[in-house]
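Would you mind keeping the following structure in view while I ask a few things?
Nothing in this text is a laboratory measurement; each read-out follows from the coordinates by a stated rule. Just so we're clear, the structure is a prediction, and the values are computed from it rather than from any experiment. When we count neighbours, we look across all protein chains shown, and the Cβ atoms used for this are built from the backbone with ideal geometry, even at glycine.
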Amino acid sequence: MTKQRLALSLRLPWATVDDRNAWNLCVEVFWASMLGMAAAFNAAFAVRLGAENAHIGLLSSLPAFLAILVSVPAGRFLERRARRKAWVLGSLAIHRTGYVLVALVPWLPVGVLNRGAVLVALLVAMSASATFFGVGFNAMLADVIPERRRAAVFATRNIVNTSTMSIGMLLAGQWLNRVVFPLNYQVMYLSGFLASMISLYYLVKVQVHDTPSRSHVSATARSLGAQWRTLRQVMREQGDFVRIMVDTLLYGLGAWTAAPLYILYFVRELDATDAWIGLHGTLANVSAIAGYVLWRRLVERWGESKTLKRTVMGAGLYPLLVGLSPALTPILFAAGLNGLITPGVNLSHFNTLLKICPADRRPSFIGLYTTVMNAGAFLCPLIGVALADRFGLAPTLVGCGVFWLLGALSFRIWPIRVADTEMLKR
C-alpha cells in the first residue's frame, strides 16, 4: 500500500512493467545519491591531500579524454548485444567499488608521491567504467521509459537525487568539519559505497526487453577511419543530431573551462571550509528541487524546444556571478539561482537528445555524441587552469561566464527541429 501511495503521488501507477521500471528507477537514485554526495567532495579531498592546481585541472580533463577513447567503442559493443543490461550494470559496479580504494588512499605507502595526485589518478582511472555505464544507461532509459513519460520520470529522479544530495551534503559538510582528517572522508566514502550497492539492487530489478543486436557490424568499425566515415554519414543524414552536437559543444565550452576553477577559488582564495562547501551544495540542490518541479510543468506546457531556448542563457550566469563575488555569501545566492535554472536545460535537452537518436542505433549515437562532447571537456579544463594561473581565478571565471552566454546563443541561431513530445494525459 505504501508503494502504491508513493507511486501515485509521483504519478507513477503500479500496474505495468513500465510503471514498475519507473518506480525502481526513482528508488535506486535515492541510494545512488549518497555516493554522489560523497563524490561531490572529490576535488576538496584531493586539495586537502596536497593536489596542485594542475592536478585539479587534470581531474576534470582526463576523464573526458578517456571518454573520447571509450564512448564510441562502448556504444558499438553494446549495439552488438541483445542483452545489454548485465554489461551496463557490471561497469557501474566496477566504478562504485573504486570508491573503496579512494577511502584507502591516505593509508597507501606512496613514499614521496603526492597523495593528492595519486587520488586524482585513481579517480581518472575509475572514470572509464563510468563512461561505459553512461553510454549504456542513457540508451537503456530510452528503452524502458516510454517517450510520453520521460519528462515526468526524469524530473522525479532528479528531484529525489537533489533532495538526497541537499540533505546529505549539509550533513557531510558538518561531519567533515567535526571529525579528524582523513578519517572523516574515509567514513563518508565507505558509507556512500554501501548505499550505492542498494541502488544497484534496484537497477537489477528494472526489466529491460532484449534488443535486436547489430551483429553484422564488423570489428573494423572500431577503427578511427571507420569512426570518421560514420561521423560524415551522420552529418549527411541526421541534421538534427548534428545541430544538437554543435549547439551543445559551443554551449559547453565555457562550462568546461570553468569546471576546475570553482573549488580552487572557494578554498584557495576565499578560505571555504568543508562545512561551507556542504552548505553550498545543499542550497544548490534545494533550489534544483524547486526547479525540477517548476520545469517539469513548463516542459509539458511549452515543449522541449521552447524550454531549451528559454533556459540555456541563464545557466551561464553562474561562473560570471562567482567570479564577481569577493566573498562566500553572495556565491550561495548565485548557486541558488543556478539551481533553479539548470533543471529546465537538463529536462528539455536530454529528452530532445533521446528523441533525435535513431532507436535501433541509440547506443552508437550516444557514444558518438559523448565522444564529441568529451573532446571539449578534455581540453577546456586545462585551458581554464592555465588562464587562471596567468590572469587569476576570478577574472577567468568571469570570462568563462561571458563565453558560456555567447555559446548558448547557438541554440537560437541553429535551432533543433524536432517535434515536441505528446505528454501523458492527466
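Between Thr282, Thr352, Thr97, find the one with the highest GNM mean-square fluctuation for the chain; connect C-alpha pairs within less than 10 Å.
It is Thr97.
Where the convex hull is taken over the Cα atoms of segment 82-147, what is its projected area averaged over directions, in nm²? Can you show the working numbers first?
Values: hull surface 21.5 nm².
If you wrap the Cα atoms of segment 82-147 in a convex hull and average its projections, you get 5.4 nm².
Between [x] 19.9, 60; [y] 21.0, 63; [z] 24.4, 73, which entry matches Rg and Dmax of the Cα atoms in Å as derived from the coordinates of this structure?
So the calculated entry is the one marked [y].
In the chain, which helices (entire DSSP H runs) extend 27 Å or more along their own long axis, judged by Cα positions, while averaging at least 0.0 on the Kyte-Doolittle scale? If you can, show how the numbers build up before the last one.
Values: long enough: 17-39 (32 Å, 0.50); 53-79 (39 Å, 1.18); 85-104 (30 Å, 1.08); 115-144 (42 Å, 1.53); 150-178 (41 Å, 0.33); 183-205 (34 Å, 0.93); 239-258 (30 Å, 0.82); 274-302 (40 Å, 0.35); 328-356 (41 Å, 0.99); 362-391 (42 Å, 0.96).
TM-like helix candidates: 17-39, 53-79, 85-104, 115-144, 150-178, 183-205, 239-258, 274-302, 328-356, 362-391.
Local charge sum around Leu123 (other residues, Cβ-Cβ under 14 Å, Lys/Arg +1, Asp/Glu -1)?
Details: positive: Arg96, Arg115; negative: none.
Neighbourhood net charge equals +2.
Could you tell me the number of lysine pairs in the chain with C-alpha atoms less than 30 Å from each other, where the two lysines are 8 or more residues apart or belong to different chains?
Total qualifying Lys-Lys pairs in the chain comes to 12.
Tell me, what is the FRET efficiency for Asp240 and Leu317 to the nearest 0.05, using R0 = 30 angstrom and their Cβ-Cβ distance as r? Working shown, then result.
Working: r = 28 Å, r/R0 = 0.92.
Efficiency for this residue pair is about 0.65.
Distances over 16 Å make up what percent of all Cα-Cα pairs in segment 246-287?
Numbers: 451 of 861 pairs.
So the portion of pairs separated by more than 16 Å is 52 percent.
A further question follows. Under a GNM of the chain (C-alpha, springs under 10 Å), which listed residue has the highest mean-square fluctuation: Trp404, Trp175, Trp302?
Comparing Trp404, Trp175, Trp302 in the GNM, the peak value goes to Trp302.
State, in angstrom, two size descriptors of segment 52-167 derived from its alpha carbons: Rg to one decimal place and Dmax to the nearest whole number.
Cα only, segment 52-167: 17.2, 56 Å (Rg, Dmax).
Kirkwood hydrodynamic radius, computed over distinct alpha-carbon pairs, for segment 316-419: how many Å, to one decimal? Mind showing how you got there, number by number?
Details: mean 1/r = 0.0625 Å⁻¹.
For segment 316-419, the Kirkwood estimate is 16.0 Å.
Could you tell me, in Å, what Rg and Dmax come out for the Cα atoms of segment 311-361?
Rg then Dmax for segment 311-361, in Å: 15.3, 51.
Right, next: Of the residues Thr16, Thr131, Thr396, which exhibits the maximal mean-square fluctuation in a Gaussian network model of the chain defined by a 10 Å Cα contact cut-off?
Thr16
A further question follows. Quick check on segment 21-97: take the gyration tensor over C-alpha atoms, sort the square-rooted eigenvalues as a ≥ b ≥ c, and tell me if it's rounded (a/c under 1.5), prolate or oblate.
Working: a/c = 3.34, a/b = 1.41, b/c = 2.37.
Since a/c reaches 1.5 but b/c is at least a/b, the shape of segment 21-97 is classed as oblate.
Could you give the length gained on full extension between Leu104 and Ala125, defined as 0.36 nm per residue of separation minus the Cα-Cα distance, in nm? Before the final figure, lay out each step's value.
On the way: separation 21, 0.36 × 21 = 7.56 nm, distance 1.55 nm.
Here the segment from Leu104 to Ala125 would lengthen by 6.0 nm.
Let me have the 222 nm mean residue ellipticity of the chain computed from DSSP H runs of 4+ only, each contributing -39500 (n - 2.57), with the sum over all residues rounded to the nearest 500.
Details: 18 runs with 332 residues, N = 426.
-26500 deg cm²/dmol, from helical runs alone.
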